[in-house]
Amino acid sequence: MTTAVVILNWNGLKLLKEFLPSVANFSRPAQVYLADNASNDTSVAWTTANFPQVKIIQLSKNFGYAGGYNQALKEVKEEFCILLNNDVKVPKNWILPIIQLIEENNNIAAVQPKIKDYKKPDYFEYAGAAGGLIDYFAYPYCRGRMFNQIEKDEGQYNQIQEIFWASGACLGIRKSVFYEVGGFDEDYFAHMEEIDLCWRMRNAGFLTYYTPKSEIFHLGGGTLNTLNPRKTFLNFRNSLYNLVKNAPSRNIYIKLLLRLILDGFAAFYFLFQLKPMHFLAVIKAHFSFYNSFSKIKNKRVIKTPRKYYSKFSIVLEKFSFKN
């Protein structure tokens, strides 16, 4: 299977100088692409001068994450694409276990490696860790990371297994399936588009897997405490989008009502933490969701309903009196 590594970039020259060398040198047999979202720094010129083996996809404007990849993959001829953040360092032979796993099972549409913290390499990294899961109310979490609590990698997730969603920091995907389910939803703008994509693939009968035989090191570093209000807004709104677009029809409105109530508790928890802007971000996310409800509901396409959740409620588990 022909393979591409596609790095989306916007004004990321500093990151490219630190992280692109490992990707360019250690990703054989894949072809590495830099998909540039109309940067106004010298990202493209520097990459061309220093790594001529990296192919450049020059986009006409900044399409963001979802739109950028939707546009870029149209210009990639390879069958299997690994979407990689520009702040990821990779070791030698990182790519082969990912390719081998996707080749072993035609029902596997997406694969994620073990994602470790670039600054603390003994620990998992927030954005993906050892694979993503989801609860009954469509709140996402990761094996190796629950809310802002990050686990040390002690081999506890050293088994290949099915997961619910793969991190956008390093998402290996069959290009044919990507386009079969419609690619990334550009209405999300940013955050959780990969969860929506993996859920749509799951509803179409495909699988997403995690392999610990490959590991990468992601700079990342985002946690709930350091998110800005804009990110809080997008995370809450887009998670509601995921629920309405992809959850099975049975009890969907009861589930949605309970989810909105849980969001209310989360909003007041922000207020209790003296984060009024985050409180307002949740409220704004709800109003944005209400305004988009009809449009989002019309995007529901569920061919193969399957149980999707691994826990009933991570919010109740986190804030129960037992914890």
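So is G128 closer than 25 Å to S313 by Cα, touching a residue at least 60 places away in the same chain (Cβ under 8 Å) and not assigned by TED's automatic domain parsing to the domain that holds F233 or not? So G128 does not fit the description; no. In the range 184-220, how many residues are buried (at least 20 other Cβ atoms within 10 Å of the Cβ) and either touching a helix residue (DSSP H, G or I) at 6+ places or on another chain (Cβ under 6 Å) or not charged (D, E, K, R) (or both)? Matching residues across the range 184-220 total 22.
Search the range 174-200 for residues being more than 11 Å from the chain's Cα centre (by Cα) and of a type in the set (D, E), and hand back the single one that is nearest to A110 (Cα to Cα). Can you show your working first?
Residues of the range 174-200 more than 11 Å from the chain's Cα centre (by Cα): 174-183, 185-189, 199-200.
Then drop every residue that is not of a type in the set (D, E), which leaves 180, 185-187.
Details: E180: 13, D185: 17, E186: 19, D187: 22 Å.
Per the criteria, the residue is E180.
Against the condition part of a loop (DSSP other than H, G, I, E, B) and more than 24 Å from D187 (Cα to Cα), how does K61 come out, does it pass?
Values: part of a loop (DSSP other than H, G, I, E, B): yes; more than 24 Å from D187 (Cα to Cα): no.
It is false that K61 is part of a loop (DSSP other than H, G, I, E, B) and more than 24 Å from D187 (Cα to Cα).
Here Y157 clears all of (1) touching a residue at least 12 places away in the same chain (Cβ under 8 Å); (2) surrounded by fewer than 17 Cβ atoms within 10 Å (Cβ to Cβ) except the condition numbered (2).
Looking only at the range 141-151, decide whether some residue is within 24 Å of E79 (Cβ to Cβ) and assigned by TED's automatic domain parsing to the domain that holds I302. Before the answer, list the steps.
In the first step, residues of the range 141-151 are kept if they are within 24 Å of E79 (Cβ to Cβ); the result is none.
The answer is no, given that none of the residues of the range 141-151 is within 24 Å of E79 (Cβ to Cβ) and assigned by TED's automatic domain parsing to the domain that holds I302.
If the condition is being exposed (fewer than 15 other Cβ atoms within 10 Å of the Cβ) and more than 17 Å from L256 (Cα to Cα), then the range 274-309 contributes L274, P276, M277, V301, K303, T304, P305, R306. Do we find a residue being assigned to a helix (DSSP H, G or I), closer than 23 Å to M1 by Cα and not assigned by TED's automatic domain parsing to the domain that holds V6 anywhere in the range 66-80? No, because not a single residue in the range 66-80 is assigned to a helix (DSSP H, G or I), closer than 23 Å to M1 by Cα and not assigned by TED's automatic domain parsing to the domain that holds V6. Identification of helices (runs of 4 or more DSSP H) wholly contained in the range 230-323 with 2 or more residues that are at pLDDT 95 or above, out of contact with any Lys or Arg (no Cβ under 8 Å at 6 or more places or on another chain) and of a type outside the set (A, V, I, L, M) yields 252-272, 276-297.
Tell me, which strands (runs of 3 or more DSSP E) lie completely within the range 82-185 with 2 or more residues that are over 30 Å from L258 (Cβ atoms) and at pLDDT 95 or above?
108-117, 170-174
The values are calculated or read from the model by the stated rules, or taken from the named source; none is laboratory data. Given the structure is predicted, the values throughout are model-derived calculations rather than measurements. Cβ: placed from backbone, ideal geometry, glycine included. Neighbour counts: every protein chain shown.
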